[in-house]
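What follows is calculated from the coordinates using simple rules that are stated; it is not laboratory data. These numbers come from a predicted model, not from an experiment. Ideal geometry is used to build each Cβ from the backbone, glycine not excepted, and the neighbour counts take in all protein chains shown.
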Amino acid sequence: MTFTFFQALWNDYTKLAPQAEVIHQMFSEQNEKVINDHVAFRTFAGTPLCLDSLEPIILAMNYRLQEQYRFETKKLRARSYVHSDPSVPKIFLSELLTHELSDQAQAILEKYTQQIAAPHLSPEIFWSGRHWDMPTWADYQALLAESEYAAWLTAIGLRANHFTISINHLNHQNDVKSVLETIKQAGFAVNTTGGEVKGSTQVYLEQGSTMADQKVFTFGDGSEHAIPTCFYEFALRYREPSGEYFQGFVEGNADKIFDSTNVSKAM
């Protein structure tokens, strides 16, 4: 069940992030052991697809709640989950607190989120995409001006926005900086928000990521535009004083990783 879940996620994800397939293959050809550290999802609070509604599906797959997070500036809350088998990727699930947005943004989002029918809540929901009409370009732009997360989610829907290579499991490269150099040399842009490498040994986690691929979509008004889709992340975990590797997430890191889907950050 777990293998088929992540394989289905990967198949959907790589349709929007072909860079991930290329990078994965590149590392494999270098005799690296490519292991997925975690996947991440985005959703809307106050809807049938809210974090609280999706959590039971995750828990039913032998995960347990690990930690809760709050991103004040981006108006998000999130939770992380770890599997009973430590070799299974972790899950990071965030939701947009839509009630904290402006009245204009809330009105725009309501037009789309009210279309969500009470779904059958099974693992397939995590690669189900939009449960509403594609937004108009004007609505997308208005949301983008206030919340990149809101614009992205309204256009892309519920699916993995990134997979993550565990640097701890690579055979040859053992730090985030060298991995990112390899990525740049291969022609991919990396997220530079807060520096290319986010985190430190002091917080027991270092991360970096590509900037999201872009794909042309036909918007609700019939116009076509290229927008950011999904990205690939790289994570290095350090041992805590207990001797165990840190398995959680760091809000300061994650806040910057969110910017990997922000087109303005890539310019």
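Identify which of Pro86, Pro228, Pro18 has the largest mean-square fluctuation in a Gaussian network model of the chain, with springs joining Cα atoms closer than 10 Å.
Pro86
Which loop GluC sites (Glu not before Pro) in the stretch 51-153, with loop taken from DSSP, have no more than 12 other Cβ atoms within 10 angstrom of their Cβ?
Glu72
Taking θ as phi - 60°, what are the ³J(HN,Hα) couplings along the stretch 188-195 by the Karplus curve (6.51, -1.76, 1.60), each to the nearest whole Hz, with x for Gly and Pro?
9, 7, 10, 6, 10, 4, x, x
Counting helices only, and only those DSSP H runs with n ≥ 4, report the 222 nm mean residue ellipticity of the chain as the sum of -39,500 (n - 2.57) divided by its residues, in deg cm²/dmol to the nearest 500.
The per-residue figure over the chain is -9000 deg cm²/dmol.
For the chain, what number of Lys pairs, 8 or more residues apart or on separate chains, have alpha-carbon atoms under 15 Å from each other?
Step by step, the pairs that qualify in the chain add up to 6.
What residues qualify as long-range amide H neighbours of Thr43, i.e. H under 5 Å apart, gap of 5 or more or another chain, H built at 1.01 Å from N?
Long-range HN contacts for Thr43: Ser94, Glu95, Leu96.
If Lys and Arg each add +1 and Asp and Glu each add -1, what is the summed charge of the other residues whose beta carbon sits under 13 Å from the beta carbon of Thr14?
For residues surrounding Thr14, the net value is 0.
In the calculated pair distance distribution of the stretch 59-160, what percentage of Cα-Cα distances lie above 19 Å?
50 percent
Would you please name the GluC sites (Glu not before Pro) within the stretch 174-267 that are DSSP coil residues with at most 15 other C-beta atoms within 10 Å of their C-beta?
Glu244
Spelling out what I want: for every residue of the stretch 61-70, take phi, set θ = phi - 60°, compute 6.51 cos²θ - 1.76 cosθ + 1.60 (Karplus), and round to whole Hz; glycine and proline get x.
9, 6, 9, 10, 5, 9, 7, 10, 9, 9
Here are labelled values, [x] 1.10; [y] 1.36; [z] 0.97, and one is the computed Cα Rg over 2.2 N^0.38 Å for what I pasted. Which one?
Computed from these coordinates, Cα Rg over 2.2 N^0.38 Å corresponds to label [z].
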